[in-house]
Amino acid sequence: MQAPTDIVETLTWLVDIPSETGNEDEICSAVAARLDGLPTKRVKESLVVGQPGDRPLIVLAGHLDTVPRQGQDAASILDGRLWGLGAADMKAGVAAMIHLLEDPEVMEGPYNVVGVFYAGEEGPFDGNQLADVLEGVPFLSEASCAVVLEPSDGELQHGCNGAINATATFRGSSSHSARPWWGENAISKAGEWLAKMHRLEPIDYEVDGLVFRQVATVTTAEGGVARNVIPGEFRCNVNLRYTPDKTVAEAIGDLEGLCEEADLLEVEDVAPAGSVDANHPFLVSLAEESGAPRAAKQGWTDVARFSEIGVPAVNYGPGETSRAHQVDESVPLDQLSTVWDSLRSALTS
């Protein structure tokens with residue numbers, strides 16, 4: 001079955017509503033008005049559409065916000081793709097959610113389907129309103145399964161990496177740059193460690209037959225007070241992406257081992273990994289209906305938030321991850337059709 005032609009109109013409509021992180025009120029209100037025939041509950045700038053019932057509960061989840069505009073024009077269609085800010089990440093997934101929730105066969109099928117449209121995903125971890133929604137709408141924790149419709153390259157992407165940011169501090173002592181022997185340069189002190197981190201290779205771990213990669217990267221550096229002063233302190237942010245088979249404590253232990261040369265290591269924030277739940281009956285059905293290959297999600301997504309509350313989840317949505325956040329962001333319309341059709345078939349069979 002082809003996707004209804006008006007799903008493209010819906011995606012165009014969504015792309016043309018500005019919704020950069022922190023400015024989601026307009027798009028949240030627009031989606032609420034569009035779906036006002038269904039039970040809705042608003043949480044801040046986020047929206048839950050649907051309610052619990054006596055059938056297994058399936059959650060469709062997608063974020064409403066985009067990264068900041070980079071000069072993109074209004075939505076346009078060319079070469080079988082829809083172009084515009086947020087087209088891939090992830091308004092195509094949101095368009096599919098809207099049409100599934102508007103479909104009587106889906107809503108009257110074997111599952112109780114609830115949509116979660118949330119704000120703040122593209123911003124800081126603690127500003128992601130999915131956390132507020134999951135806390136404010138307790139019945140969501142009773143869901144049988146969740147599908148996060150982030151772009152997934154035509155794959156069923158299971159689990160996700162956890163993420164830790166930590167500050168590695170190297171300490172020396174300041175002095176006049178004309179007499180460096182009176183001090184210790186904290187920046188050059190870190191040189192051998194930085195070279196080690198530069199050479200660091202990803203480590204592969206197999207989880208339920210899927211290969212995830214653990215990687216650690218220095219992402220920011222800060223040190224020095226003036227051009228003529230030997231720096232007494234040098235700070236680097238280290239970003240660790242760890243695999244779903246590890247606990248947070250184990251991942252922090254790995255990070256401590258990598259940064260043992262530093263004088264101080266301070267963990268700044270932690271995002272948990274998402275578990276792999278490929279054998280859940282609905283996800284098995286979705287795999288059969290879609291024919292999509294199984295893959296590991298290399299990176300962090302909100303699958304992890306559902307894992308935290310014990311709800312099996314998967315990443316499956318239209319679009320290529322490589323197009324996200326690009327000036328020329330776009331989504332293939334055939335992928336929009338495929339994802340909509342596959343989810344519709346799984347939700348009605």
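Sorting LEU101, LEU336, LEU64, LEU38 by the number of Cβ atoms found within 10 Å of their own Cβ, with the fewest placed first, yields LEU38, LEU101, LEU336, LEU64.
Based on Cα contacts under 8 Å between residues 6+ apart, region 162-271 shows a relative contact order of 43 percent. Can you tell me which aspartates and glutamates have their Cα less than 14 Å from the Cα of LYS91? Leave out same-chain residues fewer than eight positions away. Output for LYS91: GLU9, ASP16, GLU20, GLU24, ASP65, GLU121, GLU122, GLU150, GLU320, GLU329. Remark: region 162-271 carries a charge dipole of roughly 680 debye about the Cα centre, counting +1 on each Lys and Arg Cβ and -1 on each Asp and Glu Cβ.
Put in line by how crowded their Cβ is, counting other Cβ atoms within 10 Å and starting with the fewest, MET97, MET197, MET90 read MET197, MET97, MET90.
Which whole-number percentage describes the relative contact order of region 1-56, with Cα contacts under 8 Å and a sequence gap of 6 or more? Mind showing how you got there, number by number?
Details: 31 pairs, mean separation 10.8, N = 56.
About 19 percent, as a whole number.
Fewest first, what order do HIS99, HIS176 take by the number of other Cβ atoms within 10 Å? Let's see the in-between values first.
Numbers: HIS99 20, HIS176 11.
So the ranking, lowest neighbour count to highest, is HIS176, HIS99.
First obtain the Kirkwood hydrodynamic radius of region 162-271 from its Cα pairs, then insert it into the Stokes-Einstein equation at 37 °C and 0.692 mPa s, and state the resulting D in µm² per second as a whole number. D, rounded to a whole number, is 218 µm²/s.
Spacing of the modelled spin labels on GLU308 and ASP208, each 7 Å from Cα toward Cβ, amounts to 1.9 nm. Counting only lysines at least 8 places from LYS297 when in the same chain, those with an alpha carbon closer than 19 Å to its own are LYS246. Label-to-label distance for ASP36 and VAL284 is 4.4 nm, based on points extended 7 Å past Cα in the beta-carbon direction.
Annotation note: trypsin sites (Lys or Arg not before Pro) in region 59-144 located in DSSP loop regions with a Cβ neighbour count of at most 16 within 10 Å are ARG69.
Neighbours of PRO110 by Cβ distance under 14 Å: Lys/Arg scored +1, Asp/Glu scored -1, total -3.
Applying the criteria of a DSSP loop state and at most 11 other Cβ atoms within 10 Å to the GluC sites (Glu not before Pro) of region 63-114 yields GLU108.
For the chain, the convex hull spanned by the alpha carbon atoms encloses 147 Å³ per residue. Dividing the mean sequence gap of close Cα pairs (under 8 Å, 6+ apart) by how many residues region 1-148 holds gives a relative contact order of 32 percent.
Taken together, the values in this text are just the output of simple stated rules run on the coordinates, not laboratory data. Just so you know, these numbers come straight off a predicted model, no measurement behind them. Ideal geometry is used to build each Cβ from the backbone, glycine not excepted, and the neighbour counts take in all protein chains shown.
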